[in-house]
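K.L.:
For reference, the structure I am asking about is given below.
Derivation of every value follows stated rules applied to the coordinates shown; laboratory data play no part. Predicted model only: the values in this text are computed from it and were never measured. Don't worry about glycine lacking a Cβ; one is built from the backbone with ideal geometry, like all the others, and counts go over all protein chains shown.
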Amino acid sequence: MTAESASLRLPAGQTLLFDADDTLWENNIYFERAIAAFISYLDHRVHSPAEVREHLNACERATIAAHGYGLKSFRKSLIACFEQLTSQPVTPDQHDRIVSFTQCIADEQMELLPGVAQTLPVLAGRHRCILVTKGDPVEQRDKLHRSGLEPHFSAIEVLAEKSKAAYEALIAHHACDVPTTWMIGNSPKSDINPALAAGLHAVFLAHGSTWVLEDEVIDAAPPGQRLLQLAAFPDLAAHF
């Protein structure tokens, strides 16, 4: 992927749309730990851990399509995967054990990514910042509240899915000036490609543990749009 990286600080008054999970704070690492614990607990005699993970990915795609994102959906995926690979209904004890894997995620303390606490207030002082995340609205708003970052955002959007149409609706709802609006996030599938398709600029902040279902080849920026690839959140201050 080629992306623009030269430092060019933009004038104040841009609209910055920020992803939340794995852009502002850690998220997927906790799910990966839960998945590793689940696969170990399943201890399948035929399928390898990699094959179990592939089956779980398929279960997650199906569950998300039916129930959306969030811990409840993830729990349904674990239970479905367990039942399909063991050909047996989950017993009450097994159900409690699977629930414990997801509860560990809910119990995690908020861990902001490096530089977020220092950089976001600077950006919010120069630009309009809007949080644009997806998932369970109660869970996402609770994480934002616990993060301490809520005062820096002029608006909060928790979307069912991040698509071209969703970004277009958001642009209209918040009267965004498209030439000065940027989507900032770690997910090619949800943050970068659909935002570019909707006519926005984008900033890709790679995360070492981005969810496999969010992985996708990043599109090139269309003519007249810009795509920045930055190494870390504090680098935003050099551009915005």
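K.L.:
D for the range 29-106, whole µm²/s, Stokes-Einstein with Kirkwood Rh over alpha-carbon pairs at 10 °C and 1.306 mPa s: what number?
P.N.:
Once the numbers are plugged in, D ends up at 128 µm²/s.
K.L.:
Out of residues 5 or more away from residue 25 or on other chains, whose amide H comes under 5 Å of its own, with H placed 1.01 Å from N in the peptide plane?
P.N.:
Hits under the 5 Å cutoff: 113.
K.L.:
Using just the alpha carbons, could you tell me how many Å³ per residue the convex hull of the chain encloses?
P.N.:
122
K.L.:
Show the residues, 5+ positions off or on another chain, whose built amide H is closer than 5 Å to the amide H of residue 203.
P.N.:
It is 183, 184, 185, 228, by chain and number.
K.L.:
Also, I was wondering about something else. Using a Förster distance of 41 angstrom, determine the FRET efficiency expected from the C-beta separation of residue 209 and residue 177, and round it to 0.05.
P.N.:
About 0.75, to the nearest 0.05.
K.L.:
Give me the dipole magnitude in Debye, nearest 20, for the chain about the Cα centre, with unit charges on the beta carbon: positive for Lys and Arg, negative for Asp and Glu.
P.N.:
Dipole about the Cα centre, nearest 20: 380 debye.
K.L.:
Oh, and also: Using DSSP to define loop residues, name the GluC sites (Glu not before Pro) in the range 76-160 whose beta-carbon has at most 16 other beta-carbon atoms within 10 Å.
P.N.:
Sites meeting the loop and neighbour criteria: 108, 111.
K.L.:
Same structure again: Rank the residues 190, 154, 147 as a footprinting-exposure proxy: fewest other Cβ atoms within 10 Å of their Cβ go first. Could you put the intermediate results ahead of the total?
P.N.:
Numbers: 190 25, 154 12, 147 18.
Ascending number of Cβ neighbours within 10 Å: 154, 147, 190.
K.L.:
For 96, 191, 22, what's the fewest-to-most ordering of other Cβ within 10 Å of each Cβ?
P.N.:
Fewest-to-most ranking of 96, 191, 22: 96, 22, 191.
K.L.:
Charges at C-beta only: +1 for Lys and Arg, -1 for Asp and Glu. How large is the resulting dipole of the range 128-240 about its Cα centre, in Debye rounded to 20?
P.N.:
Computed about the Cα centre, the dipole is about 180 debye.
K.L.:
Work from the charge dipole of the range 29-106 (Cβ charges, +1 for Lys and Arg, -1 for Asp and Glu, about the Cα centre) and give the residue of 40, 62, 79 farthest towards its positive end.
P.N.:
Positive-most Cα among the choices belongs to 62.
K.L.:
Mind checking which of 172, 122, 99 is farthest towards the positive end of the chain's charge dipole, using Cβ charges of +1 (Lys, Arg) and -1 (Asp, Glu) about the Cα centre?
P.N.:
172
K.L.:
Per DSSP helix of 4 or more residues, -39500 (n - 2.57); summed, then divided by the residues of the chain. What does that give at 222 nm, rounded to the nearest 500?
P.N.:
Mean residue ellipticity at 222 nm (helix-derived): -13500 deg cm²/dmol.
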